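Please treat every number below as a calculation from the coordinates, not as lab data. As the structure is a prediction and not an experimental result, all values here were calculated from the model. Ideal geometry is used to build each Cβ from the backbone, glycine not excepted, and the neighbour counts take in all protein chains shown.
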Amino acid sequence: MTDARQVPPPSAQDPVARIADLRARPRRTVLAVPGSSVRMIDKARGLPVDEVFLDLEDAVAGPAKDEARENVVAALHTGGFAAPTVVVRVNAWDTEYTVRDVTEVVGRAGSKVDALLLPKVRSASEVVALDLVLTQVEKAAGLPAGHIGIEPQIEDALGLTNITGIATSSPRVLTLVFGPADFMASVGMRTLTVGEQPEGYTPGDAYHHVLMSILVAARAHGLQAIDGPFLKVRDEEGFRRAAARTAALGFDGKWVLHPSQVDAGNEVFSPRQDEFDKAEGILAAYAHSTSVEGGARGAVMFGDEMLDEASRKMALVVSARGRAAGMTVSDPTITNG
Ligand code: GLV
Ligand code: MG
């Protein structure tokens, strides 16, 4: 894990380095917290999630928006979140709140904000608009311009259609985030249970095309892919099942709505110990076999599997995720030969 003392404070990093750092951070669990609830914000401080987002959008009723903004600014100044990455979800551009959200939150507490989560993104121009407003607000507040990331949410058919443009719309974009509830409503899916398969669609995964499109666009442009919420918060097994599917597909993490989902989310989106050990073993064996001392061989047997350069790349993914989660090999001989 990175030694926090060696990471320069955000204001000392150039924007490119800062955004690269934000993009690389783990996001196995992304905790949604309503900005209108001081009690829930306080509770969120202690939860061991990778990212927390304070919500000004759909978890906050219209008449509570102003108060939620005040709560969020106060909470950012108080700090104390166990989550290393702190994000605020602003309201979508089709409301009257977006500019006010950015002005108030970034203008008054921008040095405490790693990124803004932008919901219901339908086109690249919505991200560009946020980038422009953010740049002005950062400058007016004496903050370095370009230091706050943007995490666009893909929540309807048009957003999915325009996903490549959205992914490449701004250097600030860190992730692409699936919003299943809004998406299901937008396409007219016949279910009211968010996170589960719609009744009657068997066999198969009703979300596969959407998830894979988000994943491919994210990977094509060096971004993380994040899955949205599973609303039945008392159904831990159901959450685990849904999370395991997107983790298997390659997603980096998933929203969590309740403390009961946190441990399962962190576990599901980290490699298992045996997977991590195998990845480290592959990397060591492959490094040896491709070296001059090892015979400069490009294909090598590892157990009963034939490895080549593509195997090394797959092992690197598992290894990087495991290391980011603080994992080490269970037995040093795995990497010694
Ligand atoms: C989240 O915003 C969702 O719509 O699922
Ligand atoms: Mg939504």
The listed residue being part of a loop (DSSP other than H, G, I, E, B), small (G, A, S), surrounded by 19 or more Cβ atoms within 10 Å (Cβ to Cβ) and touching a strand residue (DSSP E or B) at 6+ places or on another chain (Cβ under 7 Å), out of A83, A44, A75, A92: A83
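Answer with yes or no whether D182 is in a helix (DSSP H, G or I), away from ligand 1 (no atom under 16 Å from the Cβ) and touching a strand residue (DSSP E or B) at 6+ places or on another chain (Cβ under 9 Å). Step through it out loud before you land on a result.
Numbers: in a helix (DSSP H, G or I): yes; away from ligand 1 (no atom under 16 Å from the Cβ): no; touching a strand residue (DSSP E or B) at 6+ places or on another chain (Cβ under 9 Å): yes.
In short, no.
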Failed criterion for A140 (all others in (1) farther than 17 Å from R23 by Cβ; (2) in contact (Cβ under 8 Å) with a residue 40 or more places away in the chain hold): (2)
Unique residue being without any contact (Cβ under 8 Å) to a residue 24 or more places away in the chain and either of a type in the set (D, E, K, R) or on the phi > 0 side of the Ramachandran plot (or both) when the list is R241, R219: R241
Residues (within 16 Å of ligand 1 (Cβ to nearest atom), in contact with a strand residue (DSSP E or B) (Cβ under 8 Å, 6 or more places away or on another chain) and part of a helix (DSSP H, G or I)) located in segment 201-238: V210, L211, I214
Among residues of segment 164-205, those that are within 16 Å of ligand 2 (Cβ to nearest atom), of a type outside the set (D, E) and under 22 Å from the mean Cα position of the chain (by Cα), counted: 12
Residue that is nearest to H221 (Cα to Cα) [pool: residues in segment 133-158 that are away from ligand 2 (no atom under 16 Å from the Cβ) and charged (D, E, K, R)]: E138
